[in-house]
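Just so it is clear, none of the values below were taken in a lab; they were calculated from the coordinates. Keep in mind the model is a prediction, meaning the values are calculated, not measured. All Cβ positions, glycine included, derive from the backbone under ideal geometry; neighbour counts span all protein chains shown.
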Amino acid sequence: MRKPMILFALIVLVHAVDIRQDTLPNGLLVLSIEAHKLPEIMVRFMIPAGSFSDPVGKEGLANLTNQMLIRGTKNYSGDALADEIESVGGDLSPFCADDYAGLSGRVLTPDFPRLVKLMKECLFYPNFDTLQLARLKREVISDIRAAGDDPEQVGGLAFRQIAFGTGNSYAHDPAGYDSTVSTVTVKDIRDYYQYAYGPPSGPQPAFVVCVGDFIHDSLIVLLTREFGDWPAKRSELSNVFSSPLPERPVGRIIKRDISQAYVFLGYSGPRLRAPDWNATRLMNYILGGSGLTSRIMHSIREEQGLAYDARSSFYRFVYGGLFVASVQTKKEMANQAIQSLIKEIGRIKDDLTADEVSWAKKYYIGHFPLTFDTYGELAELTAQIQIENLGFDYFDRYEKMINGLGIDQIRAAAQKYLHPDSYYLVIVGDIKPEDIKIDGIRWLD
Amino acid sequence: MIQLLLFLAIWQPIKVDKFVLDNGLTLLVYEDHFAPVVSAQIHYRVGAYNEPKGRTGISHLLEHMAFKGTKKHGPKDYDRAIHEAGGEENGFTSTHVTAFFANLHKDRYAIELDFEADRMANLLLDPKEFEPEKHVVMEERRLNDNDPYGAFGEEFDLITYLYHPYRNPVVGFMSDLEHITVADVKDWYRRYYNPSNAIVVVAGDVEAEAAYALVKKLFGKLKGSPVKDEIFAEPPQQGERRFEYRKDVRMPAVGIQYHTVTVLDPEAYALNLIGTILSQGRSSRFQREVVREKNLAVNIYAYSSTAKYAGTFYLFGIPQAGIDVKTLETEIENQLDRLKTEKVTAEELDKAKRLVMAQTIYRQDSPTGIGFTIANWENTTGDWQNINRFPDEIQKVTADDIVRVAKKYFIKDNRTVGYLLPSEKSEEK
């Protein structure tokens, strides 16, 4: 006999997080959180120089520019930069995602000035050496080809291409394609750097997040001295456009000689800063975002034993987004798994219970402190709050915000963002179109 | 050297309170009051190592079945209770451990421990739940098979260890999964799931005495039944082993694996530093020379894996486009030969030590991560405090030690070399 579960009162669980905001003379925003648990400091420069601004035919340019920041500067070779930071057990890494690119670093407290000096060197004085670019391009092209051996990555990329549409700035992976990476020149990189790297005054500001064992006032003095005269830039959008739903299901099969079928089903979805995001994520928690407790997992894994993992996800960017439901299953069971995904996507639009909503709300409220219990997570959440323009009273408002959501709002999110009759479907595996029984589907070559 | 001294000045030993209940259950408490969060974990000293022929994957299968209900709770109750409390839960199985954990607000970690005490004594192992779950695990087996690099790594252990159970894949062989019955799993459960074979870890915003009182209350009445590992020894390797592994891949790969030493062997520290010198960070030899200067590899790493009863040193590389696997293999051999003939400089050795030891500080950022780490040291070495001896032992390693250890282990007769190559069908494409 099952024992009734204990029900918790929704008490305030959030601990105070003191995020200090300072603006340097050139407009660069510094978000800092002092924490003295460990003798380490993390820094992240967030610059709106992600792959969304890659020109058509030069996909991968933003990523190459970003990677080149640490491949040599006015005063250091790439090797010397690596030696300088790693000789103190630290790390300095470039990163390039769809919207933001930048540098992240971590050091033990006594070495913080060294990290800041090296970050400035990389951001202000990259030399964009021709030989280094040639080497980097070879590495990146090899990486892209290696990703072609992973059915998960192959399917994910094909899905974003088909769902965003050819030419859309989000349709490609930040790494780009081997055919476009090979065309990027040092001039392209220099031009892009001049255009994108700096604290812009546009709708997406550059900012710095620092978390760790520092004193706030000393931090601001140091950053003002090193970065206060960084010339401002303005970044503009290139090819972002809305991606309409198909009129009927559209499918694509990518042949691979493997025992499973990797399935991706969905379309474009809400972007960052969408006002109904909280309702949408609660809805998705119930649908396919909560692991073993979600409806999709319950149906596909628990009831039918078809897959190890099945889920639904929203991927959100500043100017666009994706919804995708995915599963990997034995190839003979692909059709059954796809039918189950479609059924669950349709069912939640009209069949949502108060119990499920209550459960999801309890989860999101209770789980909140776990999303910033390490320095790294605190830096992530701080950046997210800034990018989404959530306001730094977010910590205080969070519980009320989630509690205030009603079942109607969550149902409305399902009605708005879920479409069981019109979607894109990508399958990687040894599958033929006739294996998949979907009325009216149009298969692409 | 100055940098190293500076590090030793700021490094603080990890503090853990250890308790052992009368029934043999070990409790480790790590206090971290940064956030109001606790990671509550239970680590059973059983995994792929313990599995006999024909039963590979049974520990992992039992891990799955642990989420399928007890005499007190239905199959969904556990996940729901943890989620309603805002927690995140999971389990994992490896060579020597089957573990379950949940991270929760500090006021709620008792929920996890309450469920774990129940799962330790009262798992239902319902035949109706068993068959579908076995199919889920078989899908996990297929996922592994479809990951060419993961499958290649599994093949490596099968050829490196011809006899020792370290050859067992954690997820099990497909034919074993097909034949394992619910009765087998029940036997496994009765044998290994009891207090004397478990380590409970409570890491986060707790007081040690309060955690002890709670654990004693929940687990104290359960009966312990000590289990001893059977000990196996792999016969010494008497010559190089080579194999080809073919999959639907576009990028081939090469791997080389040497037999080495156990986790507490004095030479384990030099091997750890060799792995760091070769491949940790952008300034490592592999990244600097093999990837950037010579453009031979897109991905390459070296890793010393010293376990409870044996160890290996594994090197893996994916050649850059236009480079064949043999060329990369030769480069890796040359790099190893250099370690045998040229002493590493004081700067390079200091840098490696600093990188290794900085990781010991960074790792303390996460209560979950530090919980896993202390449980692993307790399980594999018998004493979590070995983690605090680690910096001193790393510090003692000299450039001569690196040469000596490289000469001792990186010899042809002691290695297995594998090539991951495109299958004939994918080559035709």
The range A:117-160 versus the range A:36-106: alpha-carbon centroid distance in Å: 11
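B:GLU293 to B:ASN90: FRET efficiency via 1/(1 + (r/R0)^6), r the Cβ-Cβ distance, R0 30 Å, to the nearest 0.05? Walk me through the numbers before you get to the answer.
Working: r = 42 Å, r/R0 = 1.38.
Efficiency computed from Cβ-Cβ geometry: 0.10.
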Whole-Hz couplings from phi, Karplus 6.51/-1.76/1.60, listed for the range A:288-298; x for Gly and Pro: x, x, 10, x, 5, 8, 6, 5, 4, 5, 4
Sequence-distant residues sharing a close amide H with B:ALA307 (under 5 Å, placed H): B:VAL263, B:THR312
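Across peptide A:385-391, how many C-beta atoms of other chains are within 10 Å of each residue C-beta, on average?
Per residue, the average neighbour count from other chains is 0.
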Global geometry of chain A, whether rounded, prolate or oblate, following the gyration tensor of its Cα atoms and the 1.5 cut on a/c: oblate
Residue-by-residue Karplus 3J(HN,Hα) for the range B:324-336, coefficients 6.51, -1.76, 1.60, Hz, glycine and proline x: 8, 5, 5, 4, 5, 4, 4, 5, 4, 4, 4, 5, 5
Karplus 3J(HN,Hα) series, Hz, for the range A:35-49 with 6.51 cos²θ - 1.76 cosθ + 1.60 (x for Gly, Pro): 8, 10, 5, 10, x, 9, 9, 10, 10, 9, 8, 10, 10, x, 10
23 Å Cα-Cα threshold exceeded, pairs from A:LYS74/A:LYS137; A:LYS331/A:LYS416; A:LYS432/B:LYS128; A:LYS362/B:LYS15: A:LYS331/A:LYS416; A:LYS432/B:LYS128; A:LYS362/B:LYS15
For B:HIS135, B:HIS43, order by how many other beta-carbon atoms lie within 10 Å, fewest first: B:HIS135, B:HIS43
Neighbour-count order for A:LYS120, A:LYS400, fewest beta carbons within 10 angstrom listed first: A:LYS400, A:LYS120
Bins of 5 Å from zero: percent of alpha-carbon pairs in the range B:16-219: 1, 7, 15, 18, 18, 15, 12, 9, 4, 1
Averaged over B:86-93, number of beta-carbon atoms from partner chains that fall within 10 Å: 3
FRET efficiency estimate (nearest 0.05) - Cβ-Cβ, B:ASN386 to A:ASP276, R0 30 angstrom: 0.05
Longest DSSP-loop-exposure-free segment, GluC sites (Glu not before Pro), chain A, at most 13 other Cβ within 10 Å: A:1-235
Neighbour-count ranking [beta-carbon atoms within 10 angstrom, fewest first] of B:HIS179, B:HIS259: B:HIS179, B:HIS259
Rounded if a/c under 1.5, otherwise prolate or oblate - the protein assembly as shown, Cα gyration tensor axes: rounded
Total charge dipole magnitude, the protein assembly as shown, about the Cα centre, Cβ charges on Lys, Arg, Asp, Glu only, Debye to nearest 20: 460
Cα shape, chain B, gyration tensor, a/c 1.5 rule: oblate
Amide hydrogen neighbours beyond the local backbone of B:GLU88, cut-off 5 Å, H modeled: B:ASN103
Cut-off 16 Å (backbone N to label point 7 Å along Cα→Cβ of A:LYS343), residues of the range A:418-440: A:420-421, A:437-439
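Cα-Cα over 22 Å: which of B:LYS72/B:LYS223; B:LYS217/B:LYS308; B:LYS68/B:LYS186; B:LYS134/B:LYS247; A:LYS37/B:LYS106; A:LYS343/A:LYS400?
Pairs exceeding 22 Å: B:LYS217/B:LYS308; B:LYS134/B:LYS247; A:LYS343/A:LYS400.
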Straight-distance crosslink candidates among aspartates and glutamates, where the alpha carbon sits under 19 Å from B:LYS408 and sequence neighbours closer than 8 are dropped: B:GLU234, B:GLU240, B:ASP265, B:GLU267, B:GLU333, B:ASP337, B:GLU342, B:ASP400
Calculated [θ] (222 nm, deg cm²/dmol) that DSSP helices of n ≥ 4 give over chain B, each run adding -39,500 (n - 2.57): -13500 deg cm²/dmol
Candidate aspartates and glutamates - alpha carbon under 12 Å from B:LYS353, same-chain residues fewer than 8 apart omitted: A:GLU86, B:ASP392, B:GLU393
DSSP bridge pairs, the range B:16-219: antiparallel proportion in percent, nearest 5: 80
Per-residue average of Cβ from other chains inside 10 Å of B:130-136: 4
Antiparallel %, DSSP beta bridges [both residues in the protein assembly as shown], to 5: 75
Long-range HN-HN contacts of B:GLY74 with modeled amide H, under 5 Å: A:LYS3
DSSP bridge pairs, the range B:241-428: antiparallel proportion in percent, nearest 5: 75
